[in-house]
Every structure is written in C-alpha cells, then in structure tokens.
1. Given (1) within 24 Å of Cys23 (Cβ to Cβ); (2) modelled with pLDDT under 95; (3) of a type in the set (A, V, I, L, M, F, W, C), identify the lone condition not met by Val135.
2. Quick test for you: out of Asp214, Asp177, pick the one residue that is of a type in the set (D, E, K, R), under 26 Å from Ile55 (Cβ atoms) and more than 13 Å from the chain's Cα centre (by Cα).
3. Please state which one of Phe103, Phe163 is open to solvent by 30 Å² or more (accessible area, probe 1.4 Å) and free of Cβ contacts under 8 Å to residues at least 60 places away in the same chain.
Amino acid sequence: MLVSLSQIGDSLADVQKKTELACARAKRSLTDVQIMAVTKNVPLSHIQEIFKCGIQFVGENRVQEAAGKISAWPPDSQIRDCPFWHLIGHLQTNKVKKALDLFSCVQSVDSMRLAEALNQEGKKRGQPVNCLLEVKVSEEATKYGISPQDMSSFLEQMSALPFLKIDGLMTMAPFFDVPEKTRPYFRAAKNCFEQHKHSFASAQPILSMGMSQDFEVAVEEGATMIRIGSALFGARQPHQ
Ligand SMILES: *Cc1c(COP(=O)(O)O)cnc(C)c1O
C-alpha cells in the first residue's frame, strides 16, 4: 500500500534515525551514507515530496518507466537534474542510448557486453559515463552481476574503455526474513570494494548496498549508499 503524501517525511525521518544508529554502532559518520529513494511504481506526487524532503538521489529499475516520469516535469525543473536519477535495474544493450539520456549513473553494469555498449555511447557523446559495477555475492541464479573472483580481470578489461568512469560497486543480498542473515553477503561486497578501491575513478567511491529490509546491516558493513523503496513509500504489490 502506498503511504499518504503527509507520511513521507516521517518515513524518511525513521530511515534516517535507523541509519544514524547503525552508523553509531559501526563508528561511522552519518554523512558517509547517502539515502537513495527507489521510486519504481511510485507516483510523481510522492517523488516530488521526497525531493522536497531533501533526498538527492532517486533510483529507477526500468528505463521506460523512468522516461515517463522524467518527461512529466518541465524542462527547467530541478528534479530532472543530474545527479538525481540513477538506473539500478538490469539494462539491455539496446536501451543504452535511452538510458544515458535519462540517468546520471548506471549502477547495474553487470557484463562486459553492457560495459562496452556504454563506453561506445559515451564516446559518441564525448562524455564519460558514470557507473557502478554490480557485484554478485550470492549464488542465486536470478541475480545479475560479476562475481568477486572475476572482479580483477573484469576491471583489467575495463581499463580499455576510457569512456566509462567506474565510481564503485553495487550489490543486492538475497532476501531473508531475518535481516541479520544478509551480513556475510554485505561483508563479501565490502571486501571486494576494499580490494579494488584503487581502481575506482572517484576519490570517494560508492558502495551501494542495503534495501528497506536490510539497510541497517548494510550500513554496519560499510554501505555508502542505501537504496530505500518500501520503507519510504509503503510496501509494493506482491506482483510488482
Ligand atoms: C526495488 C529495489 C530496491 C528497493 O527495495 P525496497 O525493498 O523497496 O527498499 C533497491 N534496489 C534495487 C536494485 C531494487 O530493485
């Protein structure tokens, strides 16, 4: 159920409070963790409201859905601005051009084929493409990504793609009823992140991990960006 507009501020305050406590437990600073609002299936009114609350990053899973939302705002609207919109879902190579018209960062680079397509489009535009590499820390067949063992050779190949700017890593833990069970997966992603930190283009590389169900564990394990949907906007319908 979608929350009412007036509830969004309170939902965000609750997520912020929990993030702050998780930071304190891990002796981290709250300023080291960005909260991204995930807005799949969320109406424009609610996105506008979360933007007013000061959220700076929005994540969308699908190019087509994001296109509809972004084009709904007037061209001079701040909400259309980078770095607001990030793509966090799997991207097909035939949608690369469209994706780069909309998103300031592709968090879901999960194959060399996609990396090459993004690099080529960046080259065409004369502008490097900001991205994160999706690291696959679980054995689930349904998940995309590069395994930690393959990360070194992947990054080596990426050095031949000058129009890709790798700002860090993104990951998803498997779903558990007990959030604590996600810890080993987040720890594996953090290890991979530390191991390859020197290869990332940004001085403050991003480790994007943790969702509504498990973000407190992710923050304790070192997330610098958490991706929060249902804890802000209400639970999605089961089929979505
Ligand atoms: C939907 C989604 C989220 C947010 O999930 P919630 O459980 O609603 O917080 C985060 N990351 C990705 C990649 C998603 O698809």
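1. (2)
2. Working: Asp177 fails: under 26 Å from Ile55 (Cβ atoms).
Checking each option against the conditions leaves just Asp214.
3. Working: Phe103 fails: open to solvent by 30 Å² or more (accessible area, probe 1.4 Å).
Exactly one residue qualifies, and that residue is Phe163.
The values are calculated or read from the model by the stated rules, or taken from the named source; none is laboratory data. Please read these numbers as outputs of a predicted model, since none were measured by experiment. In this analysis, Cβ positions are derived from the backbone assuming ideal geometry, glycine residues included, and neighbour counts consider all displayed protein chains. Keep in mind that these areas ignore ligands, DNA and RNA; they rest on the heavy atoms of the full protein, side chains included. Shrake-Rupley method; radii C 1.70, N 1.55, O 1.52, S 1.80 Å.
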